[in-house]
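Structure, as C-alpha cells:
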Amino acid sequence: MASALSRTVNHLRKAYRFANSHHVGQFRSLTSVPPSSVLESLPLFRSIAPLDFRIPPISIGQRFLFRSIQTASPAGTVGSESAKKVEEAKPDGGEKSGGSSEQGGEPGKPVRGGPVSWLSFVLLALTGAGIIFYYDREKKKHIEEINKSSQAVKEGPSAGKAAIGGPFTLVNHEGKKATEKDFIGKWTVMYFGFTHCPDICPDELQKLASAVEKIKKKAGFEIVPVFISVDPERDTVDQVREYVKEFHPKLVGLTGTPADIKNVARSYRVYYMKTDVEDSDYQVDHSIVMYLMGPDMQFVKFFGKNHDDESLADGIIKEIKQYQGQQVKKGAPTP
C-alpha cells in the first residue's frame, strides 16, 4: 500500500511539473480550483485512499510550492515565468502583492515593511507627549497641595509650649523672700550660674546686661534680668549681693537652700553638677541658657550661648512684639 501510494505521488509530481512548464495557459483555470479537489477526483487516488480521507486545503502552501519549484529550476527562467503568470492569475490581493514585489527590486523576493511606520511614529509621539503633560500636571497639583498644607500649618493654632518654668520660693540678694509672683507683669530673662564661675558666667551676665540696655534704647521695653545660683552652699545672700552689683543695677540675684535650688532647676530644666571637688574648692558644670519669661511668667523662648548681645536684644524685641500683637487680637492689655 505504501509503495503504491509513493509511486502515485511521484507520478503526480512529474505530471505537475510537465503541466507547469508546457501548459501554463491551462493553469489559469486550475488556480481557481483547490488542488485538493483535483487530487481527490483522480480514479487512482480514490481507489487507494480511504473513503473518509480528505486532503486539507493547501491554498496557503501553493505559493511556497511554486517558489520551491522556481528555485529548483536550473535556468530559473521557466520557474520565474510561471510564478509571474500565477501571480497575474491571482485576485486583486495577489496582484497588489506582486506589484509590491516588483517595486522592491529583485523579482521573486517579498519586500517586508519597515518596523516603524509613520502612523506608529506619530502615535508614539502623541503618547509620549500625553504622558509628559499628565506628569507635569500632577506634579504642579502636588506642589500646590504641599503649599496649601504648609500655609494651613503656619496659620493654625500653636501646638503648645514647652513645660519650662513653675512656682518657686527663694531668697533675693537683699535677704527677702522671692517667688515667681514677684515678677508677674514684667518681662524677665533668667540665667542660672554661680558666683565662683571663672569665665562663662561673667561673660553671659555682661552680655545680658548689655542686651537689656539695647532693648530699652531700640524698643523702649523694660527687661528684668535675674540671676539664680546653682551653688547654694557657697552663694550666700551677701555673696550674691556683691556679685550682681558688678553687672547691672537692675540685676536680681536669687539663692536658697539646696532643696529649693534643686526644685527651681528641675522646673526650668537646668542641669548642674559639682566637678573637680577638692574640699571647698570646686567648679559647677551647668546649662548655659537664658530663659525669656512673659508677663504671666510663662516660658516664651530660650537663648543659648551662641547669641551675642545684639542678636539677643533683637530676638527678645521680636518675641515681645509678637506677643503684643497676639494680645491685641484677643483684646487683652499689652504690658
Portion, in percent, of the accessible area of region 201-251 that falls on carbon or sulfur, probe 1.4 Å: 48 percent
Can you give me the relative contact order of region 231-289 as a percent, contacts being Cα pairs under 8 Å and 6 or more apart? 25 percent
Please compute the Kirkwood hydrodynamic radius of region 218-335 from all pairs of different C-alpha atoms, in Å with one decimal. 16.5 Å
For region 230-291, rounded, prolate or oblate, judged on the Cα gyration tensor with a ≥ b ≥ c (square roots of eigenvalues), a/c < 1.5 rounded, else prolate if a/b > b/c? oblate
Place a point 7 Å from Cα of LYS274 in the direction of its Cβ. Which residues in region 190-216 have their backbone N less than 16 Å from it? 194-197
Mind checking the full-extension length gain between GLN322 and ASP203? Use 0.36 nm per residue of separation minus the Cα-Cα distance, one decimal, nm. 40.0 nm
Tell me, what is the FRET efficiency for THR236 and GLU145 to the nearest 0.05, using R0 = 56 angstrom and their Cβ-Cβ distance as r? 0.35
Could you tell me whether region 278-321 comes out rounded, prolate or oblate from its Cα gyration tensor? Rule is a ≥ b ≥ c as square roots of the eigenvalues, rounded for a/c under 1.5, then prolate if a/b exceeds b/c, otherwise oblate. oblate
Linear extension gain, TYR135 paired with ASP308, 0.36 nm per residue minus alpha-carbon span: 57.4 nm
Under 16 Å by backbone N from the virtual spin label 7 Å along Cα-to-Cβ at LYS245, the residues of region 161-198 are 173-175
Given LYS218/LYS329; LYS186/LYS301; LYS186/LYS329; LYS250/LYS318, the pairs whose alpha carbons are separated by over 18 Å: LYS218/LYS329; LYS186/LYS329; LYS250/LYS318
What's the extension gain from THR257 to ALA162 if we count 0.36 nm per residue and subtract their Cα-Cα distance? 31.6 nm
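The values are calculated or read from the model by the stated rules, or taken from the named source; none is laboratory data. Keep in mind it's a predicted model, so treat the numbers as computed, not measured. All Cβ positions, even for glycine, are placed from backbone atoms using ideal geometry, and neighbour counts span all protein chains on display. When the accessible area is computed, the model is the full protein with side chains, heavy atoms only, and any ligands, DNA or RNA have been set aside. Shrake-Rupley method; radii C 1.70, N 1.55, O 1.52, S 1.80 Å.
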